[in-house]
Amino acid sequence: MSVKQLQVDILNLKNQNDVTILAHYYQPIEIQEIADYVGDSLGLSRTAKEEVNTEYIIFAGVNFMAETASILNQDKHVLIPNPESCCPMAAYLTPEKVIKFKKEYPGLPVVMYVNSTAAVKAESDICCTSANAVKIVERISREYNVDSVLFGPDANLADYTEQISGIKCLKMPENGHCYVHSQITIEDIKIVKKKYPNAKLIVHPECIRGVRELSDYVGSTTRMYNYVRDNSSTDNEFIIGTEVGLLERLTQDFPGKNFYLAKDKLICYNMKKHNLELIKYILENLDDKAFEVKVPPEIARRALKPIEKMLD
Ligand code: SF4
């Protein structure tokens, strides 16, 4: 069946049922096209909480995102097209590891990047995303009257947040990273800048410090999108330092501008585990429990606090 036909079938099925489809910017473009909302982790968390009124939510993203949507919408059914779509960065932390860090640094608040499991969030004081990490760390350090926080699991985001806020972000663990962003090297940037000398370089804070320092702008995927949208018409070339899905979205939304990937194959294979066939199958089988994301009630109750504290 063609992509177009699958998309038509999905939209028809969606209209016949009480369903909202949420998709992350890193989803294949054909999934972004049929979604009701496309965004980054923060945007989708907010949307799930504030704007979704349907009984079913199909979440095209990795499973920590679907878990967050489920925690925020315990009266709804949150379904993930491929339950094996997970984030390797989240696997760097377990609740036991967080408890160990807390014992080692008593009194320091735990700031947890949303790219973490619900069980890990349950051990945290506040969550953050790449869009709000600096604000969150500033706020929580004021609240606890400390100049250091425990920050996990992304060491690069911790480093970026510490650089901007001036507040020490102790990494939990030292080497947590995203394999997509951290593969971009300084050498890659020098090569791509030489090739496109007039292009603005915009990168994600999960990139290593050396790459961030060579860039014109550092921001979450939504902020990168907005930077392109709001940039004057004289800046028509952009080098994109994040997953290829954002570049596909930008290419579609801003046909007058040119986009280049910071290096080849910036692909999150975990995000790409979903496809239109799976979404169509779910819409035809909404009560198939194999696709439903459920967080154990006690973990959900404890994880809700740091998520809501962030959203507040
Ligand atoms: S892009 Fe990186 S952080 Fe995002 S889901 Fe993929 S592996 Fe995880």
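Assuming charge only on the beta carbon of Lys and Arg (+1) and of Asp and Glu (-1), the dipole of the range 186-261 about its Cα centre is about 160 debye to the nearest 20.
When a 1.4 Å probe is rolled over the protein heavy atoms, the share of accessible surface on the chain that falls to carbon and sulfur comes to 49 percent. Measuring with a 1.4 angstrom probe and ignoring ligands and nucleic acids, Phe101 comes out at about 50 Å² accessible. Mean separation of Cα pairs under 8 Å and 6 or more residues apart, divided by the residue count, gives the chain a relative contact order of 22 percent. Ranked by solvent-accessible area (1.4 Å probe, protein heavy atoms only, all chains present), the residues Tyr56, Tyr217 order from largest to smallest as Tyr217, Tyr56.
Where the centroid of each part is defined by its Cα atoms, how far is the range 30-67 from the range 91-126 in Å? One Cα centre to the other: 25 Å. Dividing the mean sequence gap of close Cα pairs (under 8 Å, 6+ apart) by how many residues the range 210-295 holds gives a relative contact order of 21 percent. Around the Cα centre of the chain, unit charges on the Cβ atoms of Lys, Arg, Asp and Glu (plus for the first two, minus for the last two) sum to a dipole of about 720 debye.
Farthest towards the positive end of the charge dipole of the range 53-121, among the residues Ser85, Thr68, Gly107, is the Cα of Gly107, using unit charges on the Cβ of Lys, Arg, Asp and Glu. Here r is the Cβ-Cβ distance between Ser2 and Tyr37 and R0 is 25 Å; the resulting FRET efficiency, rounded to 0.05, is 0.50. Here the gap between Glu237 and Asn15, fully extended at 0.36 nm per residue and compared with their Cα-Cα distance, gives a gain of 76.1 nm. Accessible surface area normalised per residue over the chain is 43 Å², counting heavy atoms of protein chains with a 1.4 Å rolling probe.
Here's the picture: charge each Lys and Arg Cβ at +1 and each Asp and Glu Cβ at -1 in the range 111-269, and of His204, Val192, Tyr227 the one pushed furthest to the positive end of that dipole is Val192.
The values are calculated or read from the model by the stated rules, or taken from the named source; none is laboratory data. Keep in mind it's a predicted model, so treat the numbers as computed, not measured. Virtual Cβ from ideal backbone geometry, glycine too; neighbours counted across all protein chains shown. SASA here: full protein model, heavy atoms, side chains in, ligands and nucleic acids out. Shrake-Rupley method; radii C 1.70, N 1.55, O 1.52, S 1.80 Å.
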